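**Q** There's a structure below that I have some questions on.
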Amino acid sequence: MNSVPVWRKAVGIAVLAALAFFIAIFTPIYFHNFELRDYVDKLTRSVDNQKESDDLLRTQVVEKAHELKLPSVTADNVHVFRSADRMRIEVRYRVSVNMPGYTVMLHFYPGAGSR
């Protein structure tokens, strides 16, 4: 039986290590984005929040984003749209991820609306 050359094992381990590195960096950011999206969805579905001012809703979203360690979310990134029977909140923000030798800009657009 032929054994696998040592260099191939080393390359395989390096690829798996790089994959684990990227997963460790990006997973928390995406997880926090999903949590923010769920929070915004709950805000829009609550009947009590339908009557709240746009500024208060923006402040609540920004505070939640900062709790989730998403400091790039500011009041300017939160947009509240209203019609007679609906409300929609959209959040647009970027997260800069600094990696060795390269910076990645991730763009997120969580939003939700009432029906």
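The values are calculated or read from the model by the stated rules, or taken from the named source; none is laboratory data. Just so it is clear, the model here is predicted, and its values are computed rather than measured. All Cβ positions, even for glycine, are placed from backbone atoms using ideal geometry, and neighbour counts span all protein chains on display.
**Q** Go through ARG58, ARG88, ARG45, ARG94 for me and flag whichever is of a type outside the set (Asp, Glu), on the phi < 0 side of the Ramachandran plot and in contact with a Phe, Trp or Tyr (Cβ under 7 Å, 6 or more places away or on another chain).
**A** Residue meeting the stated conditions: ARG88.
**Q** If you don't mind, there's one more thing I want to ask. Since LYS51 meets every condition but one in (1) basic (Lys, Arg); (2) loosely packed, with under 10 Cβ neighbours inside 10 Å; (3) touching a helix residue (DSSP H, G or I) at 6+ places or on another chain (Cβ under 7 Å), which condition does it not meet?
**A** All conditions are met except number (3).
**Q** Among the residues of the stretch 61-69, is there at least one that is without any contact (Cβ under 8 Å) to a residue 12 or more places away in the chain and farther than 19 Å from PHE26 by Cα?
**A** yes
**Q** Taking the stretch 63-114 as the search range and keeping residues that are small (Gly, Ala, Ser) and closer than 21 Å to LYS51 by Cα, which one is modelled with the highest pLDDT?
**A** ALA75
**Q** Same structure again: Of these, MET99, MET105, which one is more than 13 Å from THR44 (Cβ to Cβ), touching a residue at least 40 places away in the same chain (Cβ under 8 Å) and surrounded by fewer than 12 Cβ atoms within 10 Å (Cβ to Cβ)?
**A** After applying the criteria, what remains is MET99.
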